[in-house]
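S.K.: I have a structure here, written as structure tokens, and I will follow up with some questions on it.
The values are calculated or read from the model by the stated rules, or taken from the named source; none is laboratory data. Please read all numbers here as calculations on a predicted model, not as lab measurements. As a convention, Cβ positions derive from the backbone with ideal geometry for all residues, glycine included, and neighbour counts pool all protein chains shown.
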Amino acid sequence: MAKLISHISRKKTKAGFFDFTVFSKSSSQGVEYLCLEIQALDTCGSAYKERRKLGLESESTAKEKNYGINWRMSAKTMLSQIVSKLYFLNLHNRKLVLSVQDVFFEKVFPKECLHDTFVNGDLIINSYHYEIVNDFSSLALIGRYYINLSDLQSIILDKCYDDCEDEILAKLLKEETR
């Protein structure tokens, strides 16, 4: 039976920092560990209207601005970071656990790349749903999925650069018409 030794917050490695690392020790298997990564989403715009509702901004200084999730930047930064850390862990035959909000999970991870068994995945993804119920925050596990490193690398290219050609052509045509 494994005995929990300890957990370490923010462990630095060649691949960067891991948010949490959990260690266990058993006489038959030696020391085992698992790394946990918790990621937030990038936003764009401004939350002045919401800040004003909370009394953090006055009517006279707050401007009406929209804000939201910057999906491309979230995918690019988060997934690139995960690939680097996962590659490092794979060299040591370890897994990485990623906990993300369901809205990001559904937008970024194609169903055909996901597996429902542990042996088919290098990355363990826990998808959570967040909502406020009766003035209390509620966090519920929606599902646990597994994905391998090569599929994760493909997702980065698909999600981050899928419309680059259109973007480049639009800029070139704009420059040409000047």
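S.K.: Would you point out which residue out of Gly121, Gly143 is over 16 Å from Gln39 (Cα atoms), of a type in the set (Gly, Ala, Ser) and modelled with pLDDT under 85? Walk me through how you get there before you give the answer.
M.R.: On the way: Gly143 fails: modelled with pLDDT under 85.
Being over 16 Å from Gln39 (Cα atoms), of a type in the set (Gly, Ala, Ser) and modelled with pLDDT under 85 holds for just one of Gly121, Gly143, which is Gly121.
S.K.: I'd like the full set of residues that are small (Gly, Ala, Ser) and either under 15 Å from Leu79 (Cβ atoms) or exposed (fewer than 12 other Cβ atoms within 10 Å of the Cβ) (or both), limited to region 138-155. It would help to see each step written out before you state the result.
M.R.: Pass one, region 138-155, residues small (Gly, Ala, Ser): 138, 140, 143, 150, 154.
Once the filter is applied, which keeps residues that are small (Gly, Ala, Ser) and either under 15 Å from Leu79 (Cβ atoms) or exposed (fewer than 12 other Cβ atoms within 10 Å of the Cβ) (or both), region 138-155 yields Ser138, Ala140, Ser150, Ser154.
S.K.: Moving on to the next point. Spot the failing condition for Ser127; the list is (1) of a type in the set (Gly, Ala, Ser); (2) assigned to a helix (DSSP H, G or I); (3) farther than 25 Å from Phe23 by Cβ, and only one is missed.
M.R.: With respect to (1) of a type in the set (Gly, Ala, Ser); (2) assigned to a helix (DSSP H, G or I); (3) farther than 25 Å from Phe23 by Cβ, Ser127 is out only on (2).
S.K.: If you don't mind, another one. I'd like the full set of residues that are among the hydroxyl-bearing types (Ser, Thr, Tyr) and touching a Gly at 6+ places or on another chain (Cβ under 7 Å), limited to region 135-150. Show your work before the answer.
M.R.: Initially, region 135-150 is screened for residues among the hydroxyl-bearing types (Ser, Thr, Tyr), giving 137-138, 145-146, 150.
Answer for region 135-150, where residues must be among the hydroxyl-bearing types (Ser, Thr, Tyr) and touching a Gly at 6+ places or on another chain (Cβ under 7 Å): just Tyr146.
S.K.: Just the residues that are touching a strand residue (DSSP E or B) at 6+ places or on another chain (Cβ under 6 Å) and within 21 Å of Leu157 (Cα to Cα), please, taken from region 89-98.
M.R.: Answer for region 89-98, where residues must be touching a strand residue (DSSP E or B) at 6+ places or on another chain (Cβ under 6 Å) and within 21 Å of Leu157 (Cα to Cα): Leu96, Leu98.
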